[in-house]
Structures are given as structure tokens and as C-alpha cells.
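K.L.:
One structure follows; several queries about it will come next.
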Amino acid sequence: MLNALRTRFRGLFSAPPAAALPASKAELALFRSQGYFVREGVFSAAELQVWRDAVESIHQRMNTLAQAEGAPQLEAVDDKRYQLLDGSLVKWEWRDGSTDIRSMEPFLFLHPDLEHLIDDPRLWLPAKSILGVDRLSLFTDKLNFKRPQGAPFPLHQDSPYFALDGRAVDQLLSLQIYLDDVTVENGCLWMVPGSHANGILPGIQGKGALDRLYTDMERFVGAAPVPIEVPAGSVIFFHAHVIHGSKGNKTSSSRRAMVITYQPAGNKCWKVDAERPIQM
């Protein structure tokens, strides 16, 4: 907490954060045509450092809980390791025996420096204009780690995953917030422009239980994936149907990202029997 306060104090003398603005006509046109757009430099260096400290403390906390006596049992699906810890579903890195977290969902509630991030107008104001609604609520939030040698994530759409509970996935909007500079070398997101246009696409069949949630790219006809290389503090706004994925991290540094998914107000969070309205 002391480090966070010091960082905030330094932030008083750093460059101001980006203004909170609705999505522009050009951004809305990009979203309609390619299924995503990017805003660079949304968050300041001081803000990012507070959040980096917070997510690292969460990672350490999960490691401690996982090693404690009586820790919840690991579950395996297609040789991938999952564990429910402190109200969050932790997915461990795919390497056997690794103590690196691959992702966890939800996570914002686990740290006071993160729990109100979704109420930042730099996020919800453009989200509101994209969805075309007056009020928003949280659908889900997810923390992605890609440590050095972190594995790739296959090309997929979020919509088949979200639709498991029968949700109207066309009313969901995800934002990926980068805590680190992202490059092809450290596992940036790759997007397939225009792939959102035909709804939920066929998944891979006849393999593992999870493979059907990955897009069958052999059956896909459309544009090739493009890498989204952006500086820390950038945000990708993307449609639930757009195909995306990432390659492995070949560098010696982490690539960390926070994902927030908004929905129209009046709906409960995913897998949580309560609504979390966005404070506007």
C-alpha cells in the first residue's frame, strides 16, 4: 500500500491521463467493419505502476493459497490445470508443475486499487457509446499473465464461451488493458479483422473438451490475423465475436493485461448472482 501511495504522489507530476471521451465516428466505423479498435496512451505511467503492484500482490496471494494446507483441489481439463482460490478461478500455466498463473477470473474484487477500475469514464464512456445504451453493468473481469516462456492461446471467439449460460453475447463488449508494452515477441494479441460479422463460428471438433471453444481456422474464410503491438496503457475495445489469440512470450519480461467485459445495466454478472452497476 505504501508503494501505491508513493506512486500516486509521483503521478501528480507526470503527464496527465487521457481524456474521457465517447467513441468517435471513426472508432465506431472501425468497430463495425473490423470488430475492434485501439486507443493508445489511455492510462498514465503512475496509474500503471499502481496496477502492476496490485496484480503482482494478487499473484503472490494465489501462490500462497495454492500451497496452503487444505487448499482446493486442482482440476484438470484436457491436461490444463484449474483451481478455485478465494473466489477466483485460477488457470495455471500449461507447463506441468509451473507456479505461474496464466489467467484468473474474476479478480478486481481482490485488491482495493483495482475494484473501482470499471467505474473509470475513460473505459465506460466509449463502451457506452459502442453498445448504444444509457447505463452499463459489469459482465466479467479477467486477469491475464503471460510470463517468460508463457504458452500461446489459440485463436478463438469469446462468444461461444460466454454463451454457455445463454447470455445475449451481441450485447457484450470487452476491453483489454495492457500493463506492459506488447510486441509480437512477448505475446501480443492477434486479431482477425471483420471476423465478427458472421456471429459464432464453428469450433474445433473431435479433440479435447476445450477445443470446441477454439475457432476452426481451417473452415474460416476471411482476413488473416494481424498483431496488435501497442505501448503500456493502451486499450483494445473488441466485439465478442471477433477472432483473437496470442503467441508465446519469447522474452525475459512479463506481458500482463486486464480484461473487462461490459453489458447493459439490469443484468447480473457472469457466474455471480448479483448485478454490479457501473458508477457513472
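The values are calculated or read from the model by the stated rules, or taken from the named source; none is laboratory data. Keep in mind that this is a model prediction, so the values were computed, not measured. Cβ: placed from backbone, ideal geometry, glycine included. Neighbour counts: every protein chain shown.
K.L.:
Collect the residues in region 245-256 that are surrounded by fewer than 22 Cβ atoms within 10 Å (Cβ to Cβ) and either β-branched (V, I, T) or part of a strand (DSSP E or B) (or both), keeping them in residue-number order.
P.N.:
Taking region 245-256 first, the residues surrounded by fewer than 22 Cβ atoms within 10 Å (Cβ to Cβ) are 245, 247-248, 250-254.
Within region 245-256, G245, T251 meet the criteria.
K.L.:
Only one of F109, F139 is touching a helix residue (DSSP H, G or I) at 6+ places or on another chain (Cβ under 9 Å) and among the aromatic types (F, W, Y). Can you tell me which?
P.N.:
Unique residue meeting the criteria: F139.
K.L.:
Go through region 128-244 and tell me which strands (runs of 3 or more DSSP E), entirely inside it, have 3 or more residues that are under 13 Å from the mean Cα position of the chain (by Cα) and buried (at least 21 other Cβ atoms within 10 Å of the Cβ).
P.N.:
Details: elements: 136-146, 153-156, 173-178, 189-191, 235-239.
Qualifying strands (runs of 3 or more DSSP E): 136-146, 173-178, 235-239.
K.L.:
Taking V230, is it touching an Asp or Glu at 6+ places or on another chain (Cβ under 6 Å) and under 19 Å from L123 (Cα atoms)?
P.N.:
yes
K.L.:
Residue under question is S174, and the condition is that it be of a type in the set (S, T, Y), under 25 Å from G266 (Cα atoms), in contact with a helix residue (DSSP H, G or I) (Cβ under 8 Å, 6 or more places away or on another chain) and at pLDDT 95 or above; does it hold? Write out each step before concluding.
P.N.:
Details: of a type in the set (S, T, Y): yes; under 25 Å from G266 (Cα atoms): yes; in contact with a helix residue (DSSP H, G or I) (Cβ under 8 Å, 6 or more places away or on another chain): no; at pLDDT 95 or above: yes.
Answer is no for this residue.
K.L.:
Looking only at strands (runs of 3 or more DSSP E) that lie completely in region 21-118, which have at least 2 residues being surrounded by 19 or more Cβ atoms within 10 Å (Cβ to Cβ) and at pLDDT 95 or above? Can you show your working first?
P.N.:
Values: elements: 36-39, 75-77, 80-85, 88-92, 101-105.
Answer list for region 21-118: 36-39, 80-85, 88-92, 101-105.
K.L.:
Please state which one of V259, V272 is assigned to a strand (DSSP E or B) and surrounded by 14 or more Cβ atoms within 10 Å (Cβ to Cβ).
P.N.:
Step by step, each of V259, V272 is checked, and only V259 is assigned to a strand (DSSP E or B) and surrounded by 14 or more Cβ atoms within 10 Å (Cβ to Cβ).
K.L.:
Moving on to the next point. Looking for something modelled with pLDDT of 95 or more and touching a His at 6+ places or on another chain (Cβ under 6 Å) - is there at least one such residue anywhere in region 140-155?
P.N.:
No: region 140-155 contains no residue that is modelled with pLDDT of 95 or more and touching a His at 6+ places or on another chain (Cβ under 6 Å).
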